[in-house]
Amino acid sequence: MTGASLQPFTLRNETVSIPLLSAPMAGISHSAYRRLLAHFGGYGALYTEMIPTGTIHAENLQRSPLTKRREEEGPVIYQLVVTGKTPVEKAVARIAELSPFALDLNLGCPAPIIARKGGGRALFNDVDRCRRVLESIRSVWSGPLIVKCRLGHERDGWEERFLERLSLFAACDVDALCVHPRFFHEKLKRRARHRLYPWIRQHWDRTLIANGDLTDLSALSLLDPGKCDGLMIGRAAVVKPWIFRVLRGETAIADFLEVWDLFYSYTLDDFPPERAIGRIKEFTAHYAGNFFYGHELFRTVQSAPDLTTLRERAHVFLSSAPQTMRT
Ligand SMILES: Cc1cc2nc3c(=O)[nH]c(=O)nc-3n(C[C@H](O)[C@H](O)[C@H](O)COP(=O)(O)O)c2cc1C
């Protein structure tokens with residue numbers, strides 16, 4: 001299969017013209033990062049970071065890096081993670097003010113801190129509460145609704161429990177399902193189980209999106225008939241923000257220093273310096289994956305005490321014609 005056969009898919013009343021999405025990533029997929037992806041294009045839609053329902057009321061929607069969006073980003077899917085006691089309808093109504101392209105409910109986050117607040121894996125585990133949350137969302141949101149989940153807990157009977165969730169999602173009028181086929185306890189370890197998609201497809205006749213360890217052209221085989229409708233790319237797009245063009249069969253020539261500088265300046269446009277530094281370090285930790293000696297870039301940037309030092313150190317490394325990894 002080649003990029004030429006990438007087909008659009010629909011989400012209720014909306015069309016995703018290219019079946020390639022960027023993943024929600026807390027700490028990374030803010031507007032500055034999406035602006036960088038937009039610089040290269042090639043995707044159908046981008047995700048925000050997960051947005052906690054419990055604190056959304058306190059955000060300035062147009063200014064907060066968590067919620068702000070630029071025209072050039074194109075379709076943006078806002079992901080909600082349930083936290084605390086705020087009625088979900090209230091949080092959804094607030095996000096709806098931003099006219100999101102679609103909403104996504106996070107049912108896959110394995111982090112204990114999110115589970116303790118009732119979201120992510122805790123919500124996936126509690127079928128009745130999950131139903132109530134989905135019904136609450138649907139009571140105030142008639143646009144495209146996606147659920148992103150994992151396989152659940154790796155215990156006997158996980159398959160039945162997973163299929164029970166699929167029935168629930170369909171009954172609650174969810175339009176699309178994104179499955180990251182790992183169990184909760186695995187976090188990002190072991191390999192994503194792509195072999196499960198044909199089985200999931202048999203039980204889910206709406207839009208199905210694959211995610212997890214999709215890094216190169218071989219991912220396109222997951223769009224074959226009987227498998228998935230779309231691909232969601234997380235970490236590999238932080239390493240190569242031009243990856244969507246590569247997946248479409250285009251050549252994307254990137255100047256590594258120029259791209260890093262773009263991210264640096266975009267981040268400073270949106271975040272105060274004391275918050276920008278952490279975001280830039282996080283991005284650079286992934287971006288270092290482009291280089292054979294990327295651990296040096298990682299190490300030197302992580303230990304930088306301030307933005308000026310950080311930028312100087314990144315420049316020293318990136319302008320030294322570092323040996324790149326073969327892709
Ligand atoms: C730093 C980081 C933050 C993440 N934050 C979220 C999040 O906010 N919501 C979510 O559903 N998944 C989150 N994930 C999971 C990713 O969306 C994705 O499912 C996972 O990284 C596997 O895809 P990949 O192999 O393409 O990276 C995060 C992953 C990473 C690495």
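The values are calculated or read from the model by the stated rules, or taken from the named source; none is laboratory data. Here the structure is a predicted model, which is why all the values come from computation and not from measurement. In this analysis, Cβ positions are derived from the backbone assuming ideal geometry, glycine residues included, and neighbour counts consider all displayed protein chains.
When Cys228 is tested against (1) at pLDDT 95 or above; (2) assigned to a loop (DSSP other than H, G, I, E, B); (3) of a type outside the set (Gly, Ala, Ser); (4) away from the ligand (no atom under 16 Å from the Cβ), only condition (4) is not met.
Residues in the range 286-295 that are surrounded by fewer than 16 Cβ atoms within 10 Å (Cβ to Cβ) and in a helix (DSSP H, G or I): His295 only.
Does Thr308 qualify as being exposed (fewer than 12 other Cβ atoms within 10 Å of the Cβ), modelled with pLDDT of 95 or more and not assigned by TED's automatic domain parsing to the domain that holds Pro181? When the stated conditions are applied, Thr308 passes them.
Determine whether Pro52 is touching a residue at least 12 places away in the same chain (Cβ under 8 Å), within 13 Å of the ligand (Cβ to nearest atom) and more than 12 Å from the chain's Cα centre (by Cα). Talk me through it step by step, then tell me what you get.
Details: touching a residue at least 12 places away in the same chain (Cβ under 8 Å): yes; within 13 Å of the ligand (Cβ to nearest atom): yes; more than 12 Å from the chain's Cα centre (by Cα): yes.
Answer is yes for this residue.
Annotation for the range 60-75: at least one member residue is closer than 24 Å to Gly120 by Cβ, of a type in the set (A, V, I, L, M, F, W, C) and either in the same structural domain as Pro144 (by TED's automatic domain parsing) or surrounded by 20 or more Cβ atoms within 10 Å (Cβ to Cβ) (or both). Within the range 65-86, can one find any residue that is under 24 Å from Pro272 (Cα atoms) and without any contact (Cβ under 8 Å) to a residue 24 or more places away in the chain? Checked the range 65-86: at least one residue is under 24 Å from Pro272 (Cα atoms) and without any contact (Cβ under 8 Å) to a residue 24 or more places away in the chain. Figure legend. Inter-residue proximity from the range 8-23: first residues within 15 Å of Cys178 (Cα to Cα), second residues exposed (fewer than 15 other Cβ atoms within 10 Å of the Cβ), beta-carbon distance below 9 Å, spacing 6+ or different chains. Indicated pairs: Phe9/Thr15; Val16/Pro8; Val16/Thr10; Pro19/Gln7; Pro19/Pro8. List every residue pair whose Cβ atoms lie under 7 Å apart, where the two residues are 6 or more positions apart in sequence or sit on different chains, the first residue falls within the range 28-44 and is away from the ligand (no atom under 13 Å from the Cβ), and the second residue, located anywhere, is of a type in the set (Lys, Arg). Here the result reads Ser31/Lys68; Ser31/Arg69; Ser31/Arg70; Arg35/Arg70; Phe40/Arg245; Gly41/Arg245; Gly42/Arg245; Gly42/Arg248, each pair linking the range 28-44 to a residue that is of a type in the set (Lys, Arg).
Have a look at Met25, Met50 and point out the one that is closer than 17 Å to Glu282 by Cβ, part of a loop (DSSP other than H, G, I, E, B) and not hydroxyl-bearing (Ser, Thr, Tyr).
Numbers: Met50 fails: part of a loop (DSSP other than H, G, I, E, B).
Residue meeting the stated conditions: Met25.
Among residues of the range 189-202 that are assigned by TED's automatic domain parsing to the domain that holds Asp224, those with a beta-carbon under 8 Å from a residue that is in a helix (DSSP H, G or I) and surrounded by 14 or more Cβ atoms within 10 Å (Cβ to Cβ) at least six positions away or on a different chain give the pairs His194/Leu222; Tyr197/Leu222; Ile200/Leu166.
Looking across the range 61-96, the residues that are within 16 Å of the ligand (Cβ to nearest atom) and either assigned to a helix (DSSP H, G or I) or touching a Cys at 6+ places or on another chain (Cβ under 7 Å) (or both) come down to Val81, Ala91, Ile95.
Among the numbered conditions (1) within 15 Å of the chain's Cα centre (by Cα); (2) closer than 26 Å to Val174 by Cα, the only one that Arg35 does not meet is (2). Only residues that are closer than 18 Å to Asn290 by Cβ and part of a helix (DSSP H, G or I) were counted in the range 246-266, giving 11.
Scanning the range 223-242 for residues that are surrounded by 21 or more Cβ atoms within 10 Å (Cβ to Cβ) and either free of Cβ contacts under 8 Å to residues at least 40 places away in the same chain or over 20 Å from the mean Cα position of the chain (by Cα) (or both) returns Cys228, Ala236. Output yes when any residue across the range 296-316 is within 24 Å of Thr251 (Cα to Cα) and not aromatic (Phe, Trp, Tyr), and no when none is. No, there is no match, as no residue in the range 296-316 is within 24 Å of Thr251 (Cα to Cα) and not aromatic (Phe, Trp, Tyr).
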